[in-house]
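The values are calculated or read from the model by the stated rules, or taken from the named source; none is laboratory data. The structure presented is a predicted model; accordingly, all values stated were derived computationally and were not measured. Note that each Cβ is placed from the backbone with ideal geometry, even for glycine, and that neighbours are counted across all protein chains shown. For accessibility, only protein heavy atoms count, side chains too; no ligands or nucleic acids. Shrake-Rupley method; radii C 1.70, N 1.55, O 1.52, S 1.80 Å.
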Amino acid sequence: MKLTLSVIKADIGGYVGHSESHPEILNLARKSLEKAKSSGLLIDFHVTKCGDDLQLIMTHQHGENDKKIHKLAWDTFISGTELARKLKLYGAGQDLLSDAFSGNVKGMGPGVAEMEIEERKSEPVIIFMADKTSAGAWNMPLYKMFADPFNTIGLVIAPPLHNGFSFEVHDVKEHKKITINTPEEIYDLLIFIGAPSRYAVKAVYNRDTGDIASVSSTQRLSLIAGRYVGKDDPVCIVRAQGSFPAVGEILEPFTNPTLVEGWMRGSHHGPLMPVSVEDGTPSRFDGPPRVISIGFQLAQGKLIGPRDMFIDKSFDEARHQANLMANYMRSHGPFEPHRLPLEEMEYTTMPQIMEKISGRFEPLEE
Ligand code: F6R
Ligand code: MG
Ligand code: MG
């Protein structure tokens, strides 16, 4: 059967500060989606959170970018914002950059990852959700899952994976996209996706079947709004097993916490720490950045699950390493590379300071 899996998320208010979501907001969202399920619009749903981001995971048969599904998400965020205002949660309605819904939440602030698939005989899917980081944080993990044989041995020894995957890469500044084939073009791919603040992997496809393997949210809030408004806090869906990497190959990249942008004031690099849903509560220096992952088996669109994938003890060492990395990065204080380069920072006092003291700059003697 043809089925669409939609993950639509937004930060509509934090509790306390930017560290968590309030349980009443989650309940409101569950009620809203429950109504849509009873009416037949949704087949199934799961509501969760990662830090201060509300995550709506929905299955239906209306395809990608469907107006009714996007309106459901938008209306849920709007009524959640009203409640957030009542509770005086922090940054109520933060990610809703527009007042009026115009048919699609893309470009309006919320993050969107959707895939239409033909549900397989057994359809395991993993959904990754991050807080305190940007679109592009998935670049290295996706590269490892789908193009690195040291991570995914299936690329070498499993026939359905052996012809490789193609990567759809978006230039988030110039609004352009390109598809690059692996393994033969990995050097070309890496020149782009190794610069994750500009190039983000949007989707990955199995080259033999053409089937979609992964899709991510790639919106850059600051580029949409033209000013600092909060972090992108991206999501990513990955299909597992058979002609896709095994669940363990999909989770393996997160055993190596990578440095990502988005920590404190969206202006610092920090380690992406894999944690259980319960531990997705970034509180130290508003971080360090978190990633959670939940797995489902789809059954005629029903979400059988969730299983909390990073609860596993085997990620303890990555968490420990991320904490050590966090100490090390913090020891740089306001210096790069902990602080982002000037042009990437979400907050900056540079223009005011320049204005105040620019008269004191003198030309260098040649
Ligand atoms: C929010 C974030 C936080 C805030 C910080 C300051 O996603 O990353 O680190 O940037 O708490 O927030 P304001 O300026 O709202 O006081
Ligand atoms: Mg927030
Ligand atoms: Mg957030």
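General remarks:
- Largest first, the three principal axis extents of the alpha carbons in segment 107-156 are 41, 28, 16 Å in whole numbers.
- Heavy-atom accessible area, probed at 1.4 angstrom with all protein chains present, ranks HIS70, HIS46 as HIS46, HIS70, highest first.
- Net +/- balance of residues flanking ARG198 in space, Cβ distance below 14 Å, scoring K and R +1, D and E -1: -1
- Cubic angstrom per residue, convex hull over Cα atoms of segment 37-84: 85
- Rolling a 1.4 Å probe over the protein heavy atoms of the chain, with every protein chain left in place, gives an accessible area that is 54 percent carbon and sulfur.
- Mean-square fluctuations from a GNM of the chain, with a 10 angstrom spring cutoff on Cα atoms, peak among VAL247, VAL16, VAL260 at VAL16.
- Phi to ³J(HN,Hα) by Karplus 6.51 cos²θ - 1.76 cosθ + 1.60 over segment 159-175, Hz, x for Gly, Pro: x, x, 9, 5, 7, x, 10, 10, 10, 8, 10, 9, 8, 6, 8, 8, 6
- Comparing mean-square fluctuations of ALA135, ALA195, ALA92 from a GNM of the chain with C-alpha springs under 10 Å, the top value falls on ALA195.
- Pairwise Cα separations in segment 325-366 fall into 10 Å bins from 0 onward with the following percentages, short to long: 23, 33, 31, 12, 1.
- Here segment 55-131 was treated as a single set of alpha-carbon atoms; its pair distances binned every 5 Å from 0 give 3, 12, 23, 21, 18, 12, 7, 3, 1, 0 percent.
- Solvent accessible area, Å² - THR255, 1.4 Å probe, full protein context: 50
- Taking every C-alpha pair closer than 8 Å and separated by at least 6 residues, the mean separation divided by the residue count of segment 223-366 gives a relative contact order of 22 percent.
- In order through segment 339-354: 3J(HN,Hα) via Karplus (6.51 cos²θ - 1.76 cosθ + 1.60), integer Hz, x for Gly, Pro: 5, 6, x, 3, 6, 9, 5, 7, 10, 7, 9, 3, x, 5, 5, 4
- Each listed q (0.18, 0.22, 0.23 Å⁻¹) maps to a log10 I(q)/I(0) for segment 134-180, found by the Debye formula over equal Cα scatterers with no solvent: -0.62, -0.80, -0.84.
- Our estimate of slack between ARG198 and LYS313, defined as 0.36 nm per intervening residue step minus the Cα-Cα distance, is 38.0 nm.
- Intensity falloff of segment 1-156 expressed as log10 I(q)/I(0), Debye formula with alpha-carbon point scatterers, at q = 0.10, 0.13, 0.17 Å⁻¹: -0.39, -0.64, -1.02
- Per-residue SASA entry for SER32, accessible area with 1.4 Å probe, Å² rounded to 10: 30
- 10 Å binning of all Cα-Cα separations within the chain, expressed as whole percents from 0 upward: 5, 25, 34, 24, 8, 2, 1, 0
- Coarse-grained scattering of segment 185-325 at q = 0.09, 0.14, 0.16, 0.20 Å⁻¹, given as base-10 log I(q)/I(0) from a Debye sum over alpha-carbon atoms: -0.32, -0.80, -1.04, -1.46
- Too-long pairs where the Cα-Cα distance tops 21 Å, listed order kept, from LYS37/LYS106; LYS9/LYS37; LYS67/LYS177; LYS68/LYS106: LYS37/LYS106; LYS67/LYS177
- Loop-located chymotrypsin sites (Phe, Trp or Tyr not before Pro) in segment 250-335 whose Cβ has at most 13 other Cβ within 10 Å (DSSP): PHE335
- Gaussian network model of the chain, Cα within-10 Å springs - most flexible of LEU96, LEU223, LEU54: LEU223
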